[in-house]
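Below is one structure, written out as structure tokens, with a few remarks after it.
The values are calculated or read from the model by the stated rules, or taken from the named source; none is laboratory data. Owing to the predicted nature of the structure, the values given are computational and were not obtained by experimental measurement. Note that each Cβ is placed from the backbone with ideal geometry, even for glycine, and that neighbours are counted across all protein chains shown. For the accessible areas, the whole protein counts, side chains as well, though only heavy atoms, and no ligand, DNA or RNA atoms are used. Shrake-Rupley method; radii C 1.70, N 1.55, O 1.52, S 1.80 Å.
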Amino acid sequence: MWTLSGFSDEISPDLQEQCELVSRLGLSYLEFRSAWRTNVLDLDDDQLARARQILDSHGLKVSSIGSPIGKIRIDEPFEPHVARAQHAVQVAHHFGARYIRVFSFFISPGDDPDVHRDEVLRRMRVLAQVAAEGDVVMLHENEKEIYGDIPRRCVDILESVGSPNLRAAWDAANFVQVGVRPFTEAYAQIRPLLEYVQIKDAHLATGEVVAAGRGDGELVETIRALRADGFDGFFSLEPHLSQAHALGGFSGPELFTEAFKAFTGLLQAEGIEYR
């Protein structure tokens, strides 16, 4: 049975409000990216304790830490970022989460990403080692403007690093926004490395983000294939239906609910059970 989660900070900056709606929708997990307008990695000890208390009071668990690790330029200093990654592991342990979302570094506009391959791989190997030492799994998300934006470079990262502690998070809308048809052009390459699925969709012509099944993200084909090959993991709603920016997005309660209904409607139409 597939397990649903979601970037609950797209509901509200307030964690209590996030948890109330997540619970009403029947979810048991959320993806923790921010609370009280503060990224999860920047919450102080008191805020982390308060967050854990709020989650526990709603019977909610954390599927993944929605960290910004890897969202720096490839030419920015890396060592401070390693310390931040180590802190991300501590935060994951605090919330009992196995996964931490990461990225493969912004490339300047007009620059050839492949020129930076060696440095990207060096950094990703370090992050994988941090994950291994902390007994967590870092999930590389394909995203526009980073090295791992297209299928070929996503696969290159994960196969070259070759660590079970660095796996793929699938984002169909992000592929669409770099001109890739996700299922047609990416699924076969990414599937052996895939551990986690993020749910949003987009139009190929404009890049506009839309609810699941309403764009060119080939979500129906993807979920059919995942069911056929026995995938068993998290599907995390990241709607971005109101606004999107480099470090996240926002939808609000109504649009987040719309996104939930759109995706669960696809699952129900396919006869797929979820929790």
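Remarks
- A dipole drawn for the chain from +1 and -1 charges on Cβ atoms has a positive end, and of I11, L194, P109 the residue lying farthest that way is L194.
- Cut-off 14 Å, label 7 Å out along Cα→Cβ of E133, residues of the range 70-84 by amide N: 79-84
- The range 1-119 - charge dipole about Cα centre, Lys and Arg +1 at Cβ, Asp and Glu -1, debye rounded to 20: 520
- Average accessible area per residue (Å²) across the chain - probe 1.4 Å, nucleic acids and ligands excluded: 41
- With N as its number of residues, the range 170-275 has a Cα radius of gyration that, divided by 2.2 N^0.38 Å, comes to 1.01.
- Simple label model, 7 Å out from Cα along Cβ direction - D75 to A269, nm: 4.7
- For K61, the amide hydrogen comes within under 5 Å of the amide hydrogens of Y29, L30, counting only partners 5 or more places away or on other chains and with H modelled in the peptide plane.
- Apolar share of the accessible surface for the range 137-269: 50 percent from carbon plus sulfur atoms, 1.4 Å probe.
- When shorter helices are ignored and each DSSP H run of at least 4 residues is given -39500 (n - 2.57), the per-residue value for the chain at 222 nm works out to -12000 deg cm²/dmol.
- Model label sites at L25 and D44, defined 7 Å from Cα along the beta-carbon direction, differ in position by 3.1 nm.
- The length gained on full extension between R191 and E159, counted as 0.36 nm times the residue separation minus their Cα-Cα distance, comes to 10.3 nm.
- Dipole magnitude of the chain, debye to nearest 20 (Cβ charges: Lys/Arg +1, Asp/Glu -1, about Cα centre): 440
- In the range 14-129, the portion of solvent-accessible area held by carbon and sulfur atoms comes to 45 percent [1.4 Å probe, whole percent, DNA, RNA and ligands not counted].
- Fraction of antiparallel bridges per DSSP, the range 132-275 only, in percent to nearest 5: 30
- Taken about its Cα centre, the range 65-108 carries a charge dipole of about 220 debye when Lys and Arg each add +1 at the Cβ and Asp and Glu each add -1 at the Cβ.
- Tensor-based shape of the range 100-235 (alpha-carbon gyration tensor, a/c under 1.5 rounded, otherwise prolate or oblate): oblate
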